[in-house]
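Just below is one structure, and these are the notes that go with it.
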Amino acid sequence: MNSLESYCLSFKTGAIVENPMKTLPSKWKAWNTLIDRLPELSRNRSLRKEVESLPLLDLDGLDNHKELRLAHKILAFITSVYVWQDGEGGETESLPVQIAKPLLQVSDRLGIQPILTNEDLVISNCIPSTLPTEEQSLSFLQSIHKPTYHGSWEAFITLSAECELFFAPILLEIMNAIKAQDPLNEDAITECLENIVKAFVQFRNALKNFYGKLNSEEFYVDLRPILCGWSHGKLKDKGLTYETNSQHINNNNNNNNNNRE
């Protein structure tokens, strides 16, 4: 039986990355700067201009899983805000090569989709809160990056991460239940199942926090488009074109060297 670590899981934090990387090496400074400025750029709707002036950077030098995951996170954040900067009805139908090409490449290396995923937004995007306990009104966690300036991101990201943390004890019980099958120990399996039920109570209570701490109107109007990828609006039928020809940096003429998702 494989260990939890082989699946990037832990008994302590579940799927949540304990010490997530926050910045890539200096070669990718332009990407680091852009994700840090996303709230500001989304507020004044200037991200598209910034993206179109980016240099085209390759992935040479990104060798380990954490670096590749962070690169995917940064590019996926930028991509989602680039597309939905102007809200529903104002979505762009193509993605510039400066972010499209490296996003496709890193997604291929990781074996995941070139869109914003739960791992980007939640799993590798939280750290313990630095606020005093009495000031932690939303969560005992805090997010590292937020896609836009909307305040509801903090609640959505950190409360989602809390749910993941409360699920962590269940992983241990599942592993113990599997081990108790050979040789068969019915009492041990029963105890594991009872502990799983108890853990689900905490998990359910964590889910309830969304009702009191997440602004539902802001969630559905401003956050939902970014979370839904390319499955609605003008992109629902044809998807998003990922430009992959470097000529698009200086030449916006159509060509056949594009990918559509």
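Couple of notes before you dig in:
- Every residue from the stretch 175-219 that is surrounded by 14 or more Cβ atoms within 10 Å (Cβ to Cβ) and not in a helix (DSSP H, G or I): A180, N185, L214, N215
- Residue in the stretch 97-108 that is part of a loop (DSSP other than H, G, I, E, B) and touching a residue at least 40 places away in the same chain (Cβ under 8 Å) present: no
- Set S46, S3: member being farther than 24 Å from L171 by Cα and small (G, A, S): S46
- Residue in the stretch 1-22 that is buried (at least 16 other Cβ atoms within 10 Å of the Cβ) and at pLDDT 95 or above present: no
- Pair list, Cβ under 6 Å, 6 or more apart: the stretch 188-215 residue over 18 Å from E164 (Cβ atoms), other residue surrounded by 12 or more Cβ atoms within 10 Å (Cβ to Cβ) and hydroxyl-bearing (S, T, Y): N215/S152
- Close pairs (8 angstrom Cβ cut-off, 6 or more residues apart or separate chains): in contact (Cβ under 8 Å) with a residue 12 or more places away in the chain in the stretch 13-37, outside any helix (DSSP H, G or I) and loosely packed, with under 14 Cβ neighbours inside 10 Å anywhere: P25/G61; K27/G61; A30/P55
One line per residue, one yes/no per condition, for (1) over 30 Å from K238 (Cα atoms); (2) assigned to a helix (DSSP H, G or I); (3) within 18 Å of the chain's Cα centre (by Cα):
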position: K66; (1), (2), (3): yes, yes, yes
position: I74; (1), (2), (3): no, yes, yes
position: D86; (1), (2), (3): no, no, no
position: K146; (1), (2), (3): no, no, yes
position: A155; (1), (2), (3): yes, yes, yes
position: L165; (1), (2), (3): yes, yes, yes
position: E173; (1), (2), (3): yes, yes, no
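The values are calculated or read from the model by the stated rules, or taken from the named source; none is laboratory data. Quick caveat: nothing in here was measured; it's all calculated off a predicted structure. Here the Cβ is made from the backbone with ideal geometry for all residues, glycine too, and neighbour counts use every protein chain on show.
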